[in-house]
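Bear in mind that the values in this text are calculations on the coordinates, not laboratory data. Keep in mind the model is a prediction, meaning the values are calculated, not measured. Glycine gets a Cβ as well: all are built from the backbone with ideal geometry, and neighbour counts include every protein chain shown.
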Amino acid sequence: MVEATPELTSTSDSPALAVSVLQMLRTATSVQHKALEARLPLTHADLDRSLYTRIIEAYYGFHVPLQRHIDQFVSPQACDPKRYKVAALIKDLRALGLSDGQIDRLPLCCDLPRLQTQGHLLGIMYVIEGATLGGQVLRRIIADRLGIEADSGGEFLDVYGRDTGRRWKAFLKQLADFDQPEYNGDVVDAACATFASFERWLDRAGVLL
């Protein structure tokens, strides 16, 4: 899920408070992000189709329960269903040779980040949406090394297509609109917890270096 570190830079039209919460997130998650990125073999020269398939299976096993977790969270600003990634992961797994029965039997993560506030939701989304932005780099690597394109097992890495940048900016605006010093701790805590939960899950799945 976490593939590349998006650049969180300030622009002249970005609210000052947004820079504050983004910088808090970037600083708080930097070590976890770099550690996980180094252990995830999606950019390694010895990545093959078999390992790639196992990684996508593990991503599915995390995203399915996380999506359910978010669906159960009642909020006036509920997560946009268009941002869900499970349908793309199912399409990829089918393209990689798994039957629907095999997909249904894949193990699912039970160790999910806490989700009790809007701040928690935004912290979780920060990790998910940042990974989606990073997928733009990975999709080209996977295509070059494995010959896997969006229609042959790589849709998850390009799930938003040309809308990727626009949706990232829309999320940053949502985060900026929420930004309140008394609640930003929830955002940061949830982002860190999501990184930790995801790394433990990938470790358990045996796909990390």
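Miscellaneous remarks
- Hits in segment 100-117 (condition: buried (at least 18 other Cβ atoms within 10 Å of the Cβ) and either touching a Ser or Thr at 6+ places or on another chain (Cβ under 9 Å) or within 16 Å of Y52 (Cα to Cα) (or both)): C109, L112, P113
- Of all the numbered requirements in (1) free of Cβ contacts under 8 Å to residues at least 12 places away in the same chain; (2) of a type in the set (K, R); (3) not in a helix (DSSP H, G or I), R140 misses one, and that requirement is (3).
- Of the residues making up segment 81-92, just one is buried (at least 17 other Cβ atoms within 10 Å of the Cβ), without any contact (Cβ under 8 Å) to a residue 60 or more places away in the chain and within 11 Å of Y60 (Cβ to Cβ), namely I90.
- Of all the residues in segment 143-166, those that are part of a loop (DSSP other than H, G, I, E, B) and surrounded by fewer than 19 Cβ atoms within 10 Å (Cβ to Cβ) number 2.
- Candidates E155, E149, E129 - the one that is under 16 Å from F62 (Cα atoms) and of a type in the set (D, E, K, R): E129
- Matching residues, segment 184-209, being within 12 Å of G61 (Cα to Cα) and in contact with a helix residue (DSSP H, G or I) (Cβ under 7 Å, 6 or more places away or on another chain): F198, W201, L202, A205
- Checking G97, G134, G123 one by one, the residue that is surrounded by fewer than 18 Cβ atoms within 10 Å (Cβ to Cβ) and touching a Ser or Thr at 6+ places or on another chain (Cβ under 8 Å) is G97 and no other.
- Listed by first and then second residue, the pairs linking a residue in segment 57-69 that is touching a residue at least 40 places away in the same chain (Cβ under 8 Å) and aliphatic (A, V, I, L, M) to a residue that is outside any helix (DSSP H, G or I) and surrounded by fewer than 18 Cβ atoms within 10 Å (Cβ to Cβ), with Cβ atoms under 7 Å apart and 6 or more places separating them unless they lie on different chains, are V64/L108.
- Taking the conditions (1) among the aliphatic types (A, V, I, L, M); (2) over 14 Å from L25 (Cα atoms); (3) over 15 Å from the mean Cα position of the chain (by Cα) in turn, A176 satisfies each one other than (2).
- Being among the small types (G, A, S), buried (at least 20 other Cβ atoms within 10 Å of the Cβ) and in a helix (DSSP H, G or I) is a description that applies to A191.
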